[in-house]
1. If contacts are Cα pairs under 8 angstrom and at least 6 residues apart, what is the relative contact order of the range B:2-80 in percent?
2. At a probe radius of 1.4 Å, figure out the B/A buried accessible area, summed over both chains, and give it in Å² to the nearest 100.
3. Let me confirm the definition first: pairs of Lys residues in the range B:2-80, 8 or more apart or on different chains, C-alpha distance under 12 Å. How many are there?
4. Compare A:Ile188, A:Ile112, A:Ile46 in a GNM of chain A, Cα atoms joined below 10 Å, and give the one with the largest fluctuation.
5. Find, among the GluC sites (Glu not before Pro) in the range B:3-55, those assigned to loop by DSSP (not H, G, I, E, B) with at most 14 other beta-carbon atoms within 10 angstrom.
6. Would you tell me the accessible area of A:Ile137, worked out with a 1.4 angstrom probe on the heavy atoms of the protein chains, in Å² to the nearest 10?
7. Counting only protein heavy atoms and a 1.4 Å probe, tell me what percentage of the range A:3-229's accessible area is made up of carbon and sulfur.
8. Dipole of the protein assembly as shown, Cα-centred, from +1 at each Lys and Arg C-beta and -1 at each Asp and Glu C-beta, to the nearest 20 debye?
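The values are calculated or read from the model by the stated rules, or taken from the named source; none is laboratory data. The model shown is predicted, which means the values in this text are computed figures rather than measured ones. Note: ideal-geometry Cβ built from the backbone for every residue, glycine included; neighbour counts use all protein chains shown. Note: areas computed on protein heavy atoms with side chains; ligands, DNA, RNA excluded. Shrake-Rupley method; radii C 1.70, N 1.55, O 1.52, S 1.80 Å.
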Amino acid sequence: MRAGVIVFPGSNCDRDIAVALEQSTGKPTTMIWHQDTDLPSDLDLIAVPGGFSYGDYLRCGAMAAHSPIMREVKRRADQGTRVLAVCNGFQVITEAGLLPGVLMRNKDLRFICRDVHLKVEDSQSAFTAKYKVGDVIRVPIAHAEGNYFADAEILKELESEGRVAFRYCNDEGEVTDAANPNGSRNNIAGIFNKSRTVLGMMPHPERLADKKLGGNDGRAMFDALVETLA
Amino acid sequence: MKAKVHITLKNGVLDPQGKAVEHALHGLGFPEVAGVRQGKYIEVDLPKQKDKAQAKADVEKMCKSLLANTVIENFSVEVVD
């Protein structure tokens with residue numbers, strides 16, 4: 001599997017996700033600058049990393065969504081190239097229209113940086129094939145704007161099409177208000193596009209993908225991508 | 001010509017920052033405050049544009065493509081000389 005990571009000014013999880021990808025692929029990851037207009041032709045996965053692209057000016061992800069490279073990312077996504085967008089990356093691709101909804105300010109206005117539990121809601125995608133529906137995984141979040149919002153119609157569509165990938169839950173796997181760190185509608189932590197080829201999520205699987213870091217629940221996502229796309 | 005753009009959250013969209021400001025105002029002795037909604041104000045300078053209607057149309061396009069996120073925000077554009 002050949003993976004590329006988009007780098008915006010202000011990205012700061014680009015190297016973390018490259019390290020996690022390389023651990024699973026065994027191959028170097030291509031770093032792609034936001035001003036580039038072309039992507040390598042043989043890319044199987046495009047990662048849009050976390051960080052503070054363009055200093056979060058205007059709205060998180062709004063400026064990055066109009067970077068030159070994003071036009072090409074959208075074109076490839078339309079052709080079925082897998083896109084994994086984490087944290088600020090999720091904000092960028094919702095602003096770019098690749099996924100519906102928007103990430104708003106956290107309910108309590110605070111930046112939250114801690115491990116959370118996620119309930120796996122899908123195991124049919126290239127990202128989640130190594131999880132089982134109902135699995136509870138532990139992954140960190142680190143954001144001030146992760147409060148997923150979409151209107152009732154979009155939420156209904158996401159739910160009825162099974163496009164919620166992960167929900168915030170407690171360590172028992174119960175999806176409760178208390179386990180919702182940021183006020184996201186329906187405890188949504190990550191969603192797919194219609195064809196399940198694009199995944200956007202606020203939690204950082206790349207930050208717990210190696211036991212040396214205190215946990216490796218995130219690794220199964222990168223291993224699944226390699227297995228599916230190799 | 002100059003465009004004045006007001007961007008506000010749509011009705012029904014929770015505004016945690018506005019809520020926090022509302023609570024702070026109550027704490028400062030303004031119990032009559034029944035609600036606060038926070039938004040953005042943006043000025044766009046268009047010195048070469050002479051056509052007011054065209055300026056408004058252009059800035060509305062800017063709002064739709066970048067300045068506002070119409071999933072959660074409304075915008076209004078006023079053009080002044």
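1. Values: 102 pairs, mean separation 39.6, N = 79.
Contact order relative to length: 50 percent.
2. On the way: alone 5700 and 9890 Å², together 14340 Å².
Accessible area lost upon association: around 1200 Å².
3. 6
4. Top of the fluctuation ranking is A:Ile112.
5. Details: sites: B:Glu22, B:Glu32, B:Glu43; in loops: B:Glu32.
Sparse-neighbourhood loop GluC sites (Glu not before Pro): B:Glu32.
6. Spelled out: A:Ile137, probe radius 1.4 Å, area about 10 Å².
7. Carbon and sulfur: 46 percent of the exposed surface of the range A:3-229.
8. Computed about the Cα centre, the dipole is about 360 debye.
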